[in-house]
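Right, one structure below, let's go through it.
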Amino acid sequence: MAYTYDPTNIFACILRGEIPNKTVLESTHTLAFHDIHPQAPVHVLVIPKGPYVTFDHFAAEASVEEIMDFHRTAASVCTMLGIAPGDGYRGITNAGGNGLQEVPHYHLHILGGRPLGRLVERA
């Protein structure tokens, strides 16, 4: 499957500095910032700086350096915010229509700071 990246999406605008953000941590290939509509006391978005649409797109096409930097940055964010080690957190990524992805740029939600309940209801 070919992925088409939309360079006008809000995260691309944030990466270009056109829209401000509340940065938590920035590295060579990754930006982590506070979500503007937090769903938990800790709600940070971690995004690659490259033009990737979904997790599978990123995992399949990103360089080893981008993948390592992304995951190490996400781990550092969890430590910086005191949720790892700690009482726990949730990492969520949504992909496509069925996954309810709202922004067509791969992003990882890191949520914590309270019990989060079930991720999905049992069928």
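Rundown of residues vs (1) at pLDDT below 95; (2) within 15 Å of the chain's Cα centre (by Cα), yes/no style:
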| residue | (1), (2) |
| --- | --- |
| 57 | no, yes |
| 65 | no, no |
| 88 | yes, no |
| 94 | no, yes |
| 104 | no, yes |
| 109 | no, yes |
| 119 | yes, no |
| 123 | yes, no |
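Filtering the stretch 1-51 to residues that are at pLDDT 95 or above, over 13 Å from residue 103 (Cβ atoms), part of a loop (DSSP other than H, G, I, E, B) and not polar (S, T, N, Q) leaves 16, 17, 18, 20, 22, 29, 38, 40, 41, 49, 50.
All of 22, 49 fail the test of being more than 18 Å from residue 119 (Cβ to Cβ), of a type in the set (Lys, Arg) and within 13 Å of the chain's Cα centre (by Cα), apart from 49. Scan the stretch 18-65 for residues that are of a type in the set (Val, Ile, Thr) and more than 23 Å from residue 90 (Cβ to Cβ) and jot them down. 19, 28, 64 - these are the residues of the stretch 18-65 that are of a type in the set (Val, Ile, Thr) and more than 23 Å from residue 90 (Cβ to Cβ). With respect to residue 110, is the statement that it is within 17 Å of residue 26 (Cα to Cα), of a type outside the set (D, E, K, R) and either in contact with a Gly (Cβ under 6 Å, 6 or more places away or on another chain) or not in a loop (DSSP other than H, G, I, E, B) (or both) true? Criteria met by residue 110. Among the residues of the stretch 12-46, count how many are closer than 15 Å to residue 73 by Cβ and either of a type in the set (Phe, Trp, Tyr) or crowded, with 16+ Cβ neighbours inside 10 Å (or both). Residues meeting the conditions: 12.
The values are calculated or read from the model by the stated rules, or taken from the named source; none is laboratory data. Being a predicted model, the structure only gives us computed values, none of them experimental. Quick reminder, even Gly has a Cβ in these numbers, built from the backbone with ideal geometry, and neighbours come from all protein chains shown.
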